[in-house]
Each structure stands twice: as C-alpha cells, then as structure tokens.
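These notes are about the structure you will find just below.
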Amino acid sequence: MGDKVLPGALGKSSTQTRIALNNFAIDLFPNIKRTKTPNTRTEKAVEDLEQKR
C-alpha cells in the first residue's frame, strides 16, 4: 500500500526495496516450493464435499 501512497521516485524505490526483501526472505528457505496454483488443494476439497452431497 505504501508504494502507491508515496510520490514518484519514493514509491518506485519502496517497491524495489519490498521486492528485494521478499526475494531475500524466500531465498532463506530454498526447500520451500511455491505452487503455481495455490488453490488446488482447496478446490479439490470443495469438489470432494460436493460429491458427497
């Protein structure tokens, strides 16, 4: 949210800093795999529930 509130170069700098910190944090845990479809498990659970009805 701060990236959109800050004017001009400050907003751009804030965005770049946030992205760098996010990437740094993700690199701390290389074994964690990010899923391409994060809702797959939830969608499957919903389908299973609907089939039981």
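Net length available on complete extension from Lys33 to Lys12 is 4.7 nm, with 0.36 nm assigned per residue and the Cα-Cα distance removed.
Under 19 Å of direct C-alpha separation, and excluding same-chain neighbours fewer than eight residues apart, Lys12 reaches these aspartates and glutamates: Asp3.
We did not get these values from a lab; they are worked out from the coordinates using the rules stated. Please read these numbers as outputs of a predicted model, since none were measured by experiment.
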